[in-house]
Amino acid sequence: MATGRTHRPATRSRGIPEATVARLPLYLRALTALSERSVPTVSSEELAAAAGVNSAKLRKDFSYLGSYGTRGVGYDVEYLVYQISRELGLTQDWPVVIVGIGNLGAALANYGGFASRGFRVAALIDADPAMAGKPVAGIPVQHTDELESIIRENGVSIGVIATPAGAAQQVCDRLVAAGVTSILNFAPTVLSVPDGVDVRKVDLSIELQILAFHEQRKAGEGVDHEDQVAAVAPPVSAAPAGPDGPDGRHQGPDGDVPAVMPA
C-alpha cells in the first residue's frame, strides 16, 4: 500500500547526486545541438553557457561520470553524448503509457520529442468510453479497463498521468500494482507511492505562480528605487521675488513694472 513517499533518489547507489541527474538532460540537449552542427570538441565554459549553468558546477557534475576532458582541448562532444545517454538510460527503448487523453494528454501524445529521446508511446488510455478507438497522434485510444493488460503486454515501466486531480491517485495505484515503477505526474495533486517507485511532478500553474512572484518582486524593486530617488532629490525652490522677479526682470516699486520706462 501507499506510504506517502513521493520520491526516491534513484542514483544514490551509483554515487551521482539527484541535482546532477537533473542537469544531465540540459547538458545532453546542448551537446546534441553541437553534434548536429558537427562540432568535435567543446570547452567547459562554452558548454556551461549553452546549458545555463556555471562551468565549475559542470566540471563537478562530469567528474561523477568519470569524464574530465582534456586541458586545452575540452570535451569530446560525441563521447559525452554517448556517456550521458548511457547514464540516463537512453541507449535503450522505453515504452510509455499516457493515461488521460484530454487536451494535455493529447498534446503529450503529439509531442515528437519523446521518440527522438528513446521514449516510445506504447498506448494512450482514457476512462471515457466515447474516446475508445479514436486515434490521437496515430495511436488508437484504449479504455482504462485494459490498463493492466496493456502494461503487461508492452513491458511498460514508465507511466504518464494527465488526468484530473481527483482521478490521479487511483490511476497511480493501478499503474504501480501493474508493475510501473516510474511516474511522470501532470495532475495538480501530490501522489502517494510505495518505496521503489519514483515520481516526477510537473505543475504548470505552480511554475506560473513562481514567475508571478518574481515579476511582483521586480515591480516592487522599481517602486522602491523611485522612492529612493525622490527621497534624495533636492527640493525645487521658488525663485526669489525681488529685486529680480522669477523671470529675471527687474521689479519696480509697483511690482512687475520696468524700473526704467521707455522714452
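The values are calculated or read from the model by the stated rules, or taken from the named source; none is laboratory data. The shown structure was predicted, so the numbers you read here are calculated from the model rather than taken from an experiment. Surface areas here come from the heavy atoms of the whole protein model, side chains and all, with no ligands, DNA or RNA. Shrake-Rupley method; radii C 1.70, N 1.55, O 1.52, S 1.80 Å.
Probe of 1.4 angstrom, ligands and nucleic acids ignored: what's the accessible area per residue over segment 9-137, in square angstrom?
Numbers: 6960 Å² over 129 residues.
I get 54 Å² per residue for this part.
First compute the accessible area of segment 47-150 with a 1.4 Å probe, then give the percent of it belonging to carbon and sulfur atoms.
On the way: 2860 of 5330 Å².
Solvent-exposed carbon and sulfur of segment 47-150 make up 54 percent of the total.
Enter the per residue convex hull volume of segment 94-201, computed from alpha-carbon coordinates, in Å³ rounded to the nearest integer.
Numbers: hull volume 10.0 nm³, N = 108.
About 92 Å³ per residue, rounded to a whole number.
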